[in-house]
Amino acid sequence: QPYVFPQTFPGDTMADFDVTVNVATSSTNIYEINDTTRFTQSFRNYYAYDDGSAETAYGFQSFNAKTAVRFVAYEVDTLAGVLMKFIPTNSNVTDKIFLLTIWSDENGKPGEIIYQDDFFQPHYPIYAGQKDSYKYFKFNDNQHIPVPKIFYVGFEQIEDEILYIGMDLNHDNSAQIFYDLGSGWANTSFAGSLIIRPVFSTALDGTLDINPNENNISNEISIYP
C-alpha cells in the first residue's frame, strides 16, 4: 500500500521507517510470526554503496593517482560535501594532502572536472577514531556543487604514499570504482565498495535541486525616486 508523505514531514530529508510485512501462507496458519518480516528503512541526505564497515583499505602508491566512484542520481542536484572513511595504518598520512574532486561522465568513465580543491586549499586525511564512523569533507569556501545525473566523486593524491580509503567487502560495487595512475581511467579489479559518500544539499540550506544554469544570479539593482 503506497505511503504519502505529509508536506510538513519533520526532520527535513532524513527519516527512519520501521517496516512490517505480513504474508499469509494459509488461513489455518496459527504461527503468524513465521509470516512476518521486519526491517528499518533509512533515508539520509547521502548516497552510499557501503554498509559502513571497512574490512580492508584501498589506495595507490603513485604520484597524482586519482580515485573516483560513480553515482547515478534520479535528477540533477547539488552536493554540499563528501563523507569518507580513511583507515589508520602503521604509516600516519594525515599530513599528506589530497584534492577533493567531482567529475562528470564521459562514456562510462570520469570526464570533465566539475570541481577540484584549490591547490592552496587542499584536504588532508582525517581518521574517524571509532568503528563505523566517517569524516565530513566540505568543498572550498563552503561551496555547493551542482552535479548532473551521473557524476563521480573522489580525490587526487599528490605524493606517492598510499592514503588508504576504507573498503567494504560485503557489497561488490567494483563496477563503480575507477582509478587513473597517469595513463587514463580504468575500472578496478578489486571487489568491494569504497566508503565515499556524496552528501546532497537539502532544504536546510535552501539549495536542493538547484539548476546549474541558475547559479549566475545578478547582483545589480536599480535605485530611482
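Residues checked against (1) β-branched (Val, Ile, Thr); (2) assigned to a loop (DSSP other than H, G, I, E, B):
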position	(1), (2)
Thr101	yes, no
Ser104	no, no
Ile113	yes, no
Pro125	no, yes
Gly129	no, yes
Pro146	no, no
Phe178	no, no
Ser189	no, yes
Arg197	no, no
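Quick one: is Val93 crowded, with 18+ Cβ neighbours inside 10 Å, over 17 Å from the mean Cα position of the chain (by Cα) and either β-branched (Val, Ile, Thr) or under 27 Å from Glu55 (Cβ atoms) (or both)?
Details: crowded, with 18+ Cβ neighbours inside 10 Å: yes; over 17 Å from the mean Cα position of the chain (by Cα): yes; either β-branched (Val, Ile, Thr) or under 27 Å from Glu55 (Cβ atoms) (or both): yes.
When the stated conditions are applied, Val93 passes them.
Just to verify a result, which residue in the range 72-90, among those that are touching a Lys or Arg at 6+ places or on another chain (Cβ under 9 Å) and in a strand (DSSP E or B), is most open to solvent (accessible area, probe 1.4 Å)?
Looking only at the range 72-90, we keep the residues that are touching a Lys or Arg at 6+ places or on another chain (Cβ under 9 Å), and these are 72-77, 80-86.
Applying the additional criterion that residues be in a strand (DSSP E or B) yields 72, 77, 80-84, 86.
Working: Val72: 89, Asp77: 17, Ala80: 15, Gly81: 0, Val82: 0, Leu83: 28, Met84: 1, Phe86: 5 Å².
Per the stated criteria, the residue is Val72.
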Subset of the range 96-126 (residues that are touching a Gly at 6+ places or on another chain (Cβ under 7 Å) and either over 26 Å from Asp51 (Cβ atoms) or of a type in the set (A, V, I, L, M) (or both))
Ser104
Which pairs turn up if I take residues in the range 103-122 that are in contact (Cβ under 8 Å) with a residue 60 or more places away in the chain and look for partners that are open to solvent by less than 20 Å² (accessible area, probe 1.4 Å) with beta carbon separation below 7 Å, at least 6 apart in sequence or on another chain?
Lys109/Phe178; Pro110/Ala68; Pro110/Trp103; Pro110/Tyr152; Pro110/Phe178
Which pairs have Cβ atoms under 9 Å, sit 6 or more apart or on different chains, and link a residue in the range 49-75 that is within 17 Å of Tyr134 (Cβ to Cβ) to one that is of a type in the set (Lys, Arg) and assigned to a loop (DSSP other than H, G, I, E, B)?
Asp50/Lys85; Gly52/Lys85; Gly52/Lys131; Ser53/Lys131; Ala54/Lys85; Ala54/Lys131
Name the residues in the range 154-176 that are aliphatic (A, V, I, L, M), in a loop (DSSP other than H, G, I, E, B) and more than 20 Å from Gly129 (Cα to Cα), would you?
Ile158, Leu169
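The values are calculated or read from the model by the stated rules, or taken from the named source; none is laboratory data. The model shown is predicted, which means the values in this text are computed figures rather than measured ones. Don't worry about glycine lacking a Cβ; one is built from the backbone with ideal geometry, like all the others, and counts go over all protein chains shown. What goes into the accessible areas is simple: the full protein's heavy atoms, side chains included, and nothing from ligands, DNA or RNA. Shrake-Rupley method; radii C 1.70, N 1.55, O 1.52, S 1.80 Å.
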